[in-house]
1. Check cross-link reach from Lys103 to the aspartates and glutamates: straight Cα distance under 12 Å, and skip same-chain residues fewer than eight apart.
2. Average the reciprocal distances over every distinct pair of alpha-carbons in the chain, invert the result, and give the Kirkwood radius in Å.
3. Give the calculated FRET efficiency between Ala89 and Asp59 to the nearest 0.05, with a Förster radius of 45 Å applied to their Cβ-Cβ distance.
4. R0 = 22 Å: FRET efficiency of Asn153 with Glu34, Cβ-based, nearest 0.05?
5. Would you calculate the separation in nanometres between label points at Val126 and Asn99, each defined as 7 Å from the Cα along the Cα-to-beta-carbon direction?
6. Among Ser26, Leu61, Asn42, which residue has its Cα positioned farthest towards the positive end of the charge dipole of the chain, with +1 placed on the Cβ of Lys and Arg, -1 on the Cβ of Asp and Glu, and the dipole taken about the Cα centre?
7. Using label points projected 7 Å from each Cα along Cα→Cβ, tell me how many nm separate Lys81 and Leu176, to one decimal.
8. Which angle from 0 to 90°, rounded to the nearest 10, does the C-alpha axis of helix 4-18 make with the longest principal axis of the chain?
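Just so it is clear, none of the values below were taken in a lab; they were calculated from the coordinates. Please read these numbers as outputs of a predicted model, since none were measured by experiment. Positions of Cβ are generated from backbone atoms using ideal geometry, with glycine treated the same way; all protein chains shown enter the neighbour counts.
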Amino acid sequence: MFTQKTIFTAVSLLFGVLGYAQSIDSSKSVATFEISNMRFNNVEGTVTGMTGNISFEADNLEICSFDVCIDATTINTGNEKRDEHLQKAEYFNTEQYDNICFKSREIRNAEQGGFAVIGSLTIRDVAKDVMIPFTFDGGTFSGSLVLNRYDYNIGSEVGSFMIGEQVDIKITCSVL
């Protein structure tokens, strides 16, 4: 017969081996972005609706994982017409691809402190490997990366030359 202590020990060992998966707090998690527009100014915006699970132990990175999606239909630049346009087929095509997802393959210590997660970022129907340097403090992950929007076929069909190619992205992800 299993005692309560035996069951507790088994569960503790299981969490120690598998890592402790935590759900994302969507109300405190956001991706912000900035991209040049007409070479004279920048457009800033947010994407919310982040969901998924993160398993993270700073002292045991081999067992850590990130499986996160963000709702592309929540794009907000403060300009309703622009936001609607960005959801059309030539940009994010949110009617067909409503989520932007990231699935980690490896987490490691970063050279300048903090950590780096490497994995597959899928936008629309394009998946590419990216590395996201990040820090972790009090239940919040903070990271940033730069993407080329053409790598994900965002706006490439319409010859949107007035919009910059590089997008600066900052991610704040809180866990419950």
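1. Leaving aside aspartates and glutamates fewer than 8 places away in the same chain, those within reach of Lys103 are Asp67, Asp129.
2. It works out to 17.6 Å.
3. Efficiency, rounded to the nearest 0.05: 0.50.
4. Here the calculated transfer efficiency is 0.60.
5. 2.1 nm
6. Highest projection toward the positive end goes to Leu61.
7. With each label point 7 Å from Cα toward Cβ, the separation is 4.1 nm.
8. It works out to around 40 degrees.
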